[in-house]
Amino acid sequence: MAVSVLSLLLLMWFGSQAHGQEAILHASNGSTVREYCLVYNSTWSNISDRLSAAVAYPLLNLTSSQLCVRGQQGSLEGQAVVVMRGGCDFGQKALVAQDLGASVLLIASIKNMMTPTVNNSVFSKMKIPVALVRHRDILDALQVFPRGMEVRLYAPPVPPFDASIIVMLMIAVFTVTMGGFWSGAAEKLKQAPGPESDAAEGRSDGSELSLYSPLKVLLFVAMMCVMLVLMYFFYRWLVYVIIVIFCLASASALYNCLDSLMTALGCSTLSVSCRERSVSVRSLLLAAVCITLSVIWGVYRNDDRWIWILQDLLGVAFCLNFLKTISLSNFKICVILLSLLLVYDVFFVFITPFLTPNGESIMVQVALGPGAGGKGDSNVVEVPGDQTSSYEKLPVVMRIPQFSALAQNLCMMQFSILGYGDIIIPGLLVAYCHRFDVWMGNSRRIYFISCAVAYAVGLVLTFAVMLLSKMGQPALLYLVPCTLLTSAVLACVRKEFRHFWSGSGTYQVLDESRKPLLSVTSVSVSSEGDAGRSGGVRSC
């Protein structure tokens, strides 16, 4: 299966090129050249894909007019004309310009530029290319070329597959695998006899949380639904709450990751005693570094040129710490949680566009921010205009800039994104599989490795469907079946499904009563030691 999916990706890599909805306005006067961003509709505007093949037109500035009716304008034969947005729809402007003989219509926009659309009746009559351009870019061009200019429109082909997807795949698989490994390693450390086990158990009591009740899982998913809806309606205010929480949580998570890594490597804590109190120099230095990085991200969070690197670093640390801290007690809880979140993901991506007034996907709208468009369709783009302030984005996604678009970055940086939930939710199952390997004494970690490989295959399948459909996909739709089915089938083949379903003996006791075992006054163990081996206790 993995080989066939990889072949599919290679086919798309070397296959046909696809046109986007962004183009380039090439302005020149022979010696000076400027290029500006255009937004057009590739289904009804025929624009060359190469500058050398594009036709040059003299540009006529009519930004003092909206060109909604034929007035005092003379003939526009063979010219590219630029007019102001507003007053009437794009189709009306195009028909008037076409009647006057214009060859190209550019519409200067102060507001956000979205892919232009017209109704079918107007579409059948349109013969000239129509594109939106920023009003400030037109003013800049008029200043650079005061004696006039020639313009050419071209839209370089965008490959349907971008190498940033491979980087995203590697980051996600690394995070899930390392998070699952860390969770299992902590479980193994707790089971090891001696002072190390006592220290590990003491740390876990305060820092680890186990989901053991179906009711808690239902409440958790319900809270996620409510929070997502609130974010959709009150994004402008709640986004700052999430940003503050992310700064605090990511700094703490990065500290835990670095501290655990340095402990595993055997680095000294460099403790210093002062007035009978011991202070760890290593802890102070790590805390200072983590807080500094978190503050830097908070200050420069909207600088897309480089801040994505720091956001991804903090995001990986956040996901790793989450997978280490939160554990699922048994496979039953895994099935309930992942199944509910699969329905949650599909509903808010595919169903909500039928319920929102503008056909927006609530999930995409919240993940990308209100200024990025929320339709989740590659055939619709939205580019910030003149008066658009930089909108705040939720720090809940991994972001990798699309390499194929870096050379043509006139409109805005394009990113491949993957939500933290698409890493954490399947990662909880991977972590459970590793802990189950520890409980069962599987030295080869067969459950952990199989589930991690299933996650990688599911993510490749997600990206393949996204590229073929040219639409954002709810990744859990593919990740949940791949990981759950792989784990369940493996448990059945190894005839361990009953133990895999209910978890270890320790968790079975906790699930039944959640009462402290020390409350019994005395414990009697049979002479054969059966009760000791099975974990059974009884009161005398």
So how many residues does region 70-92 have that are among the hydrophobic types (A, V, I, L, M, F, W, C) and farther than 22 Å from Lys111 by Cα?
1
Every residue from region 122-169 that is modelled with pLDDT of 85 or more, more than 23 Å from Met413 (Cα to Cα) and part of a helix (DSSP H, G or I)
Leu142, Gln143, Val144
State the number of residues belonging to region 447-471 that are touching a residue at least 24 places away in the same chain (Cβ under 8 Å), under 22 Å from Pro353 (Cβ atoms) and surrounded by fewer than 20 Cβ atoms within 10 Å (Cβ to Cβ).
3
Which residues, taken from region 249-266, are among the hydroxyl-bearing types (Ser, Thr, Tyr) and out of contact with any Leu (no Cβ under 8 Å at 6 or more places or on another chain)?
Ser252, Ser260, Thr263
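For region 98-115, give me each residue that is under 27 Å from the mean Cα position of the chain (by Cα) and under 18 Å from Ile24 (Cα atoms).
Passing the criteria: Asn112, Met113, Met114, Thr115.
Restricting the search to region 293-344, which residues are outside any helix (DSSP H, G or I), among the acidic types (Asp, Glu) and touching a residue at least 24 places away in the same chain (Cβ under 8 Å)?
Let us first name the residues in region 293-344 that are outside any helix (DSSP H, G or I), namely 300-306, 326-330.
Add one more test, that the residue is among the acidic types (Asp, Glu), and what stays is 303-304.
Answer for region 293-344, where residues must be outside any helix (DSSP H, G or I), among the acidic types (Asp, Glu) and touching a residue at least 24 places away in the same chain (Cβ under 8 Å): just Asp304.
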Of the residues Gly359, Gly369, which single one is surrounded by fewer than 16 Cβ atoms within 10 Å (Cβ to Cβ) and not β-branched (Val, Ile, Thr)?
Gly359
Filtered residue count, region 96-107, keeping only those that are surrounded by 20 or more Cβ atoms within 10 Å (Cβ to Cβ) and more than 16 Å from Asn46 (Cβ to Cβ):
2
Among the residues of region 263-320, write down those that are of a type outside the set (A, V, I, L, M, F, W, C) and touching a Ser or Thr at 6+ places or on another chain (Cβ under 8 Å).
Thr269, Ser271, Ser278, Ser280, Arg282, Ser283, Ser294, Asn302, Gly315
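Okay, residues lined up against (1) within 26 Å of Ile400 (Cβ to Cβ); (2) assigned to a helix (DSSP H, G or I); (3) modelled with pLDDT of 95 or more; (4) assigned by TED's automatic domain parsing to the domain that holds Leu490:
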residue: Ser443; (1), (2), (3), (4): no, no, no, yes
residue: Tyr447; (1), (2), (3), (4): no, yes, yes, yes
residue: Tyr455; (1), (2), (3), (4): yes, yes, yes, yes
residue: Leu467; (1), (2), (3), (4): yes, yes, no, yes
So, in region 311-325, of the ones that are buried (at least 18 other Cβ atoms within 10 Å of the Cβ) and hydrophobic (A, V, I, L, M, F, W, C), which residue ends up nearest to Tyr432 (Cα to Cα)?
Leu323
List the number of the failed condition for Thr263; all other conditions in (1) farther than 16 Å from Asn321 by Cβ; (2) modelled with pLDDT under 90 hold.
(1)
Suppose the filter is touching a strand residue (DSSP E or B) at 6+ places or on another chain (Cβ under 8 Å) and farther than 30 Å from Leu355 by Cβ; does Leu254 pass it?
no
Of everything in region 482-498 that's of a type in the set (Gly, Ala, Ser) and over 9 Å from Ala454 (Cα atoms), which residue is nearest to the chain's Cα centre (by Cα)?
Ala488
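The values are calculated or read from the model by the stated rules, or taken from the named source; none is laboratory data. These figures come from a predicted structure and were not determined experimentally. So basically every Cβ, Gly included, is an ideal-geometry build from the backbone, and we count neighbours across all protein chains shown.
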